[in-house]
1. Is there any pair linking a residue in the range 44-63 that is at pLDDT 95 or above and of a type in the set (Lys, Arg) to one that is part of a loop (DSSP other than H, G, I, E, B) and loosely packed, with under 15 Cβ neighbours inside 10 Å, with Cβ under 9 Å and at least six apart or on different chains, and which?
2. Can you name the helices (runs of 4 or more DSSP H) wholly within the range 1-94 that have at least 3 residues being more than 25 Å from the chain's Cα centre (by Cα)?
3. Among the residues of the range 295-314, is any within 27 Å of Arg193 (Cβ to Cβ) and either at pLDDT below 95 or in contact with a Pro (Cβ under 8 Å, 6 or more places away or on another chain) (or both)?
4. Could you check the range 328-345 and list, in sequence order, the residues that are touching an Asp or Glu at 6+ places or on another chain (Cβ under 8 Å) and either among the aliphatic types (A, V, I, L, M) or not in a loop (DSSP other than H, G, I, E, B) (or both)?
5. Kindly provide the set of residues from the range 212-251 that are on the phi > 0 side of the Ramachandran plot and aromatic (Phe, Trp, Tyr), ordered by number.
6. Looking only at the range 206-261, which residues are of a type in the set (Phe, Trp, Tyr) and more than 13 Å from the chain's Cα centre (by Cα)?
7. Hey, among Tyr290, Tyr227, which residue is hydroxyl-bearing (Ser, Thr, Tyr) and modelled with pLDDT of 95 or more?
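The values are calculated or read from the model by the stated rules, or taken from the named source; none is laboratory data. Here the structure is a predicted model, which is why all the values come from computation and not from measurement. No Cβ is skipped: glycine too gets one built from the backbone with ideal geometry, and neighbour counts run over all protein chains shown.
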Amino acid sequence: MKNIPVIMIIFGGSGDLAHRKLYPSLFNLYEQGLIHDNFAVIGTARRPWSHEYLREQVSDVIHETHDQVDENEVKAFASHFYYQSHDVTNVEHYVTLKKLAQELDDRYSAQGNCLFYMAMAPRFFGTIATHINDQHLTGSGFNRIVVEKPFGHDLVSAEQLNKEITASFDENDIFRIDHYLGKEMIQNIMPMRFTNPLIKNIWSGEYIKNIQITLAERLGVEARGGYYDTSGALRDMVQNHIFQIITLLAMPEPKDLSSDSVHQAKQELLKSLIIPTPEEVKKNFVRGQYLGSDTTFAYKKEPNVDPDSTTETYVAGKTKFTSGPIAGVPIYFRTGKEFKEKKTRIDIVLKHINNPYGQAHSNNITIEVDPESKIYITINGKKIDEPGIRREDLTYAFSKEEMAKVPDGYERLLHDVFVNDSTNFTHWSELKRYWEFIDAVEDAWQKENEAGNPEIAQYLPYRMGPKEADNIFESPTEHWIYE
């Protein structure tokens with residue numbers, strides 16, 4: 001790997017994301033040589049830290065996240081970190097930040113290259129972007145910005161944030177990050193689809209009955225009640241993670257693997273995304289809230305949650321496209337808190353066929369993303385010692401040794417930012433379409449709320465969500481594969 005010169009400014013450098021994900025990932029990229037001699041990181045936050053204190057924090061987190069490290073390497077890496085106490089609303093602080101960045105650019109021969117990372121509360125994204133522009137923080141080399149989710153609260157706020165960011169950065173320099181796109185099995189969707197004739201040749205409505213996506217979380221909202229009650233499962237999980245997966249499953253084959261071609265294929269697909277009407281929302285969507293148990297609070301009794309809240313901790317729904325290889329095929333999704341287990345999986349359900357053996361199970365293709373990483377195809381075969389058909393799985397999986405080599409999603413995506421590869425990030429035209437879909441559902445629910453009759457299913461914790469979600473399928477023979 002080449003040594004990329006850059007000054008990286010992390011807004012929120014004292015926060016949880018920086019410590020859990022960014023600093024360990026940067027250290028791995030440092031050891032690989034992608035960044036090494038000609039880089040510096042400025043961590044900013046309101047806390048009155050010093051350069052030395054930040055370096056101690058960085059060293060500590062490297063020791064916590066790595067089993068064996070070279071102490072000299074850790075010390076050398078941490079020496080590239082600097083701290084600037086910073087109030088993002090204070091213009092004068094941006095002047096001080098710019099001065100420090102220029103000094104470090106000269107010291108490390110960073111060639112005017114700047115990378116800005118928004119790792120703090122989303123309500124400050126627009127303010128930071130505005131002051132990067134009006135205080136001219138961008139350098140003379142490349143200038144890139146990484147923006148965490150959520151990118152806006154709805155389409156209107158997303159458009160305003162995009163306007164503020166594009167005042168300083170071109171679309172190709174804006175990296176809207178979603179760590180799901182860095183996960184190993186999400187990155188396996190395209191190779192699975194396009195390199196296997198067995199799968200590629202049946203990827204159509206002629207053979208696929210439906211696709212099901214489950215993002216199940218084991219825990220409740222816990223300490224995040226204040227944030228979560230203003231968001232909900234639809235905005236928190238569907239608008240980003242689930243739609244990213246849907247797009248990879250439904251997009252046409254790109255002409256090549258360049259970022260431009262991949263995004264062109266995605267954008268072509270999303271033009272045909274069917275935006276649901278209020279009647280379709282009522283029929284094809286279910287929202288729910290978890291109840292309490294002997295060991296857990298009900299959602300409405302969680303700290304910082306409105307006792308009259310209509311915010312959903314569970315949502316199930318359906319999408320369809322009018323073009324693309326699986327045009328017309330229903331794609332069902334569900335996500336929520338307090339499921340029986342943490343699990344992310346995709347089930348591609350193939351149609352039944354007539355056969356001389358009578359009724360046989362469909363051949364399903366399952367992609368398990370978390371906590372295991374594997375793909376398996378269920379096939380039918382002969383029972384050994386009695387008449388009839390049995391099911392078996394053909395499995396593609398990794399050994400423990402291979403799993404140990406799989407990089408964290410943030411490490412992968414930070415690498416892509418440094419080398420300017422936006423394939424696994426979200427373009428504005430894609431995000432805009434996602435928000436149009438989400439807003440249509442939210443607007444329908446809001447009208448129900450205003451009419452005083454919101455349909456919010458209640459479900460017990462540690463199960464699979466409300467039973468009402470079984471009713472969104474188009475035919476009575478369809479059901480959730482993962483139960």
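1. From the range 44-63, the pairs are Arg55/Ser79.
2. Details: elements: 23-32, 51-65, 71-78.
Output list reads 51-65, 71-78.
3. Step one: filter the range 295-314 for residues within 27 Å of Arg193 (Cβ to Cβ), giving none.
Among the residues of the range 295-314, not one is within 27 Å of Arg193 (Cβ to Cβ) and either at pLDDT below 95 or in contact with a Pro (Cβ under 8 Å, 6 or more places away or on another chain) (or both), which makes the answer no.
4. Within the range 328-345, the subset touching an Asp or Glu at 6+ places or on another chain (Cβ under 8 Å) is 330, 335-339, 342-345.
Of everything in the range 328-345, those that are touching an Asp or Glu at 6+ places or on another chain (Cβ under 8 Å) and either among the aliphatic types (A, V, I, L, M) or not in a loop (DSSP other than H, G, I, E, B) (or both) turn out to be Thr335, Gly336, Phe339, Lys343, Thr344, Arg345.
5. From the range 212-251, those on the phi > 0 side of the Ramachandran plot are 222, 232; that's our starting set.
The answer is none; no residue qualifies.
6. Our first condition is that a residue be of a type in the set (Phe, Trp, Tyr); within the range 206-261, this holds for 207, 227-228, 243.
Correct list: Tyr207, Tyr227, Tyr228.
7. Numbers: Tyr227 fails: modelled with pLDDT of 95 or more.
Exactly one residue qualifies, and that residue is Tyr290.
Residue by residue, here is whether (1) closer than 18 Å to Phe339 by Cα; (2) touching an Asp or Glu at 6+ places or on another chain (Cβ under 7 Å); (3) assigned by TED's automatic domain parsing to the domain that holds Asn201 holds:
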site: Arg218; (1), (2), (3): yes, yes, yes
site: Thr230; (1), (2), (3): no, no, yes
site: Asn240; (1), (2), (3): no, yes, yes
site: Pro278; (1), (2), (3): no, no, yes
site: Lys283; (1), (2), (3): no, no, yes
site: Tyr299; (1), (2), (3): yes, no, yes
site: Ser309; (1), (2), (3): no, yes, yes
